[in-house]
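Heads up, the thing below is written out as structure tokens.
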Amino acid sequence: MEQKGILIVISGFSGAGKGTLVKALLQKYDTYGLSISMTTRQPRAGEMDGREYFFVSKEKFEQVIAENGLVEYACYCDNYYGTPREYVEKQLAAGKNVILEIEIQGALKIKERFPESLLIFITPPNGDELKRRLEGRGTEDAEVIAKRLARAEEESEGIEAYDYIVINDDLEECVEEVHRLVDAARRVPIRRKELIREIREDLKKFKKGAN
Ligand code: 5GP
């Protein structure tokens with residue numbers, strides 16, 4: 001029986017390598033779909049509207065909120081970020097595992113609204129490595145990096161809300177580990193309600209007096 005896809009939330013500190021991980025996962029397996037978020041932050045060099053994000057004004061973002069067009073949204077370092085509803089619903093129905101690469105406030109909202117979602121937290125092996133990666137990226141100035149490190153410290157308080165924590169040290173290993181977790185999660189009974197219902201229905205035929 002065709003199984004509906006699952007909603008996978010991937011979070012991690014800014015600089016944890018989530019973006020690279022998700023890209024590698026999408027390239028290696030065709031069972032995933034990536035939700036493209038909407039944001040009010042400025043595009044970084046090399047980012048394209050509709051590819052990394054849908055870049056919009058604050059007014060437009062607030063209009064989409066009012067129209068109930070987002071499954072969740074949050075404010076992160078002075079900007080809005082949110083997940084458009086339509087794509088997520090379509091892809092799940094088509095059997096794809098939809099990845100949301102979002103921060104913790106959004107992750108918690110997703111868990112509340114979709115209890116069957118799978119929450120994975122990605123972290124570098126330690127704090128120094130995080131700082132090194134953020135500096136090495138060369139896309140943010142020192143002030144923004146300091147803000148993001150401070151935010152990481154706050155976010156670390158919420159890690160226990162996730163189903164799994166995965167260390168991103170070796171990218172290949174990290175990709176495989178996440179894929180295995182998703183594969184296992186798809187076998188958990190709360191995510192197989194339809195199958196269970198069908199088996200039960202089917203077994204009724206053996207009930208005494210049924211035929
Ligand atoms: P960045 O500015 O580095 O692209 O993203 C900043 C943070 O916002 C990251 O932690 C990223 O995962 C998160 N983020 C991106 N899109 C969304 C979204 O749609 N909703 C929420 N809640 N967070 C998002």
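Read-outs: derived from the displayed coordinates by stated rules, not from any lab. Owing to the predicted nature of the structure, the values given are computational and were not obtained by experimental measurement. As a convention, Cβ positions derive from the backbone with ideal geometry for all residues, glycine included, and neighbour counts pool all protein chains shown.
Calculate the FRET efficiency for Cys77 and Lys193 from the Cβ-Cβ distance with a Förster distance of 45 Å, rounded to the nearest 0.05. Could you put the intermediate results ahead of the total?
Numbers: r = 38 Å, r/R0 = 0.84.
With R0 = 45 Å, the Cβ-Cβ based efficiency is 0.75.
What FRET efficiency would be calculated for the residue pair Arg41, Asp183, taking the C-beta separation as r and a Förster radius of 35 Å, to the nearest 0.05?
0.55
Which whole-angstrom value gives the distance between the alpha carbon centres of the stretch 1-52 and the stretch 93-115?
Cα centroid of the stretch 1-52 versus Cα centroid of the stretch 93-115: 12 Å apart.
Once you place label points 7 Å from the Cα toward the Cβ at Glu201 and Ala161, how far apart are they in nm?
3.6 nm
Would you please name the GluC sites (Glu not before Pro) within the stretch 105-203 that are DSSP coil residues with at most 12 other C-beta atoms within 10 Å of their C-beta?
Hits after loop and neighbour filter: Glu157.
Restricting to DSSP loop positions (anything but H, G, I, E, B) with no more than 10 other Cβ atoms inside 10 Å of their own Cβ, which trypsin sites (Lys or Arg not before Pro) remain in the stretch 1-81?
Answer in residue order: Arg51.
Going through the cross-link list Lys4/Lys28; Lys23/Lys109; Lys4/Lys207, which pairs have a Cα-Cα distance over 26 Å in this structure?
Details: Lys4/Lys28 20 Å; Lys23/Lys109 24 Å; Lys4/Lys207 29 Å.
Checking Cα-Cα distances, Lys4/Lys207 exceed 26 Å.
Set the Förster radius R0 to 25 Å, insert the Cβ-Cβ distance between Thr31 and Ala142 as r into 1/(1 + (r/R0)^6), and round the FRET efficiency to 0.05.
It comes out at approximately 0.05.
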